[in-house]
Amino acid sequence: MSELKKQEYKCAGCKHCYAAVTLNALHTLLEAGETSETETESIEANPGWPPFPGDYSVLSHSRNCHIAVSTLASEELAQTLNEMRPAGLSIVGKTETENIGIDKLIKNTITNPALRFLILCGPDPQGHLSGKTILALAQNGIDEKMRIIDSPGRRPVLKNVTPEEIDRFKQQVSIIDMIGSEDALTVARKIEELSESKPRPYDVVSDEINPLYVPSAEKEERIQAKEPTSLKLDKAGYFVIIPESARKMIIVEHYSYDNKLLHTIEGITARTIYFTIIDNGWTSDLYHAAYLGKELEKAELSMKLGFRYEQDGI
């Protein structure tokens, strides 16, 4: 891909964004259902079970616990079920996206042969519709481009699993459709009902299944974070951040390096300010942009919590 063109991001209405500005900047580049190679990120395995990180709670590793629950967009329902600990529940968590979220769900399911039921409950995430996408996967499978057939989600392309792993997932678990149900007692009763069936673990082993294999990942993709060895000044200038608690307003002054005031930005939230700075091209360095985001969030938090804000150096 030789050139990237700026795209308008159409908000799907999610409660959380998950770096949508970055992820969606590329997704409309190819027309007629074609999918950009960078449309979804790679995921990375961790040792142990579940092998892939996510927003979930593990209640049991026992081979006698056969139920996994995805509460889709509901954090509250997941927490409540975790506290209730109904008999037979092995793992509970959210699945908010119709691509990476389902990739991880598949990987974490097939690495535990005791899991035989997957309950989908809670509200389906707006735009992503991961719950209905999982149902479409179970019923229709994928096409030659790894797109889930007849999914209503925006980008239902699985980049981090193999067709063999998808087949294993479909064979291993029965999916229980309770999408939309947010009543924890109702879900807990269903978990206990399924647990009473006492299914045998799915012990079919295939040489084609390697749950730690990620098709789009490089061999050495785990990188340890470290401090930068050197930093350079942003040629676009520097910023002074001033939270005004009385007005509930953040003031940001943009200066050149000869200390000439170039712009003054006012905003109620860190988000609106850093988007304004980026949209106007008033920062030209990624380090500086990341620093501004951190400092603006800290300034906003200082007004909410009442502590004194002091701007750090980059």
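The values are calculated or read from the model by the stated rules, or taken from the named source; none is laboratory data. Only a predicted model underlies this, so the values are computations on that prediction, with no experimental measurement involved. So basically every Cβ, Gly included, is an ideal-geometry build from the backbone, and we count neighbours across all protein chains shown.
A few remarks follow.
- Scanning the range 94-122 for residues that are assigned to a strand (DSSP E or B), of a type outside the set (A, V, I, L, M) and either outside the structural domain of Q171 (by TED's automatic domain parsing) or crowded, with 24+ Cβ neighbours inside 10 Å (or both) yields C121, G122.
- Test: D279 is surrounded by fewer than 16 Cβ atoms within 10 Å (Cβ to Cβ) and over 13 Å from V240 (Cα atoms): yes
- Considering the range 46-71, and only residues there that are assigned to a strand (DSSP E or B) and of a type in the set (S, T, Y), the residue that is nearest to K198 (Cα to Cα) turns out to be S70.
- L77 modelled with pLDDT of 95 or more and either farther than 16 Å from E182 by Cα or of a type outside the set (D, E, K, R) (or both): yes
- Filter result for F239 (touching a His at 6+ places or on another chain (Cβ under 6 Å) and either more than 30 Å from F52 (Cα to Cα) or among the aromatic types (F, W, Y) (or both)): yes
- Some residue of the range 59-67 being within 19 Å of E98 (Cα to Cα) and either assigned by TED's automatic domain parsing to the domain that holds K132 or modelled with pLDDT of 85 or more (or both): no
- Flag if I176 is over 19 Å from the mean Cα position of the chain (by Cα), of a type in the set (V, I, T), buried (at least 24 other Cβ atoms within 10 Å of the Cβ) and not in a loop (DSSP other than H, G, I, E, B): no
- Residues that are closer than 27 Å to K190 by Cβ and either surrounded by 15 or more Cβ atoms within 10 Å (Cβ to Cβ) or in contact with a helix residue (DSSP H, G or I) (Cβ under 7 Å, 6 or more places away or on another chain) (or both), drawn from the range 162-173: E165, I166, D167, R168, F169, K170, Q172, V173
- Some residue of the range 141-159 being under 19 Å from S181 (Cα atoms) and either in contact with a helix residue (DSSP H, G or I) (Cβ under 9 Å, 6 or more places away or on another chain) or charged (D, E, K, R) (or both): no
- Scanning the range 123-155 for residues that are of a type in the set (S, T, N, Q), surrounded by fewer than 22 Cβ atoms within 10 Å (Cβ to Cβ) and not in a loop (DSSP other than H, G, I, E, B) gives Q139, N140.
- Among the residues of the range 290-311, just one is in contact with a strand residue (DSSP E or B) (Cβ under 6 Å, 6 or more places away or on another chain), small (G, A, S) and more than 18 Å from T276 (Cβ to Cβ), namely S302.
- The requirement of being surrounded by 14 or more Cβ atoms within 10 Å (Cβ to Cβ), in contact with a Gly (Cβ under 6 Å, 6 or more places away or on another chain) and of a type in the set (A, V, I, L, M) is not satisfied by I265.
- First in the range 130-149 and touching a residue at least 12 places away in the same chain (Cβ under 8 Å), second anywhere and surrounded by fewer than 22 Cβ atoms within 10 Å (Cβ to Cβ) and assigned to a helix (DSSP H, G or I), Cβ under 6 Å, 6 or more apart: A138/K170; I148/A136; I149/N140
- Verdict on K145 being over 27 Å from H61 (Cα atoms), basic (K, R) and out of contact with any Cys (no Cβ under 9 Å at 6 or more places or on another chain): yes
- Residues in the range 255-314 that are within 25 Å of the chain's Cα centre (by Cα) and of a type in the set (A, V, I, L, M): A270, I273, I278, L286, A289, A290, L292, L296, L301.
- Scanning the range 242-273 for residues that are among the aliphatic types (A, V, I, L, M) and part of a strand (DSSP E or B) turns up I242, M249, I250, I251, V252, L261, L262, I265.
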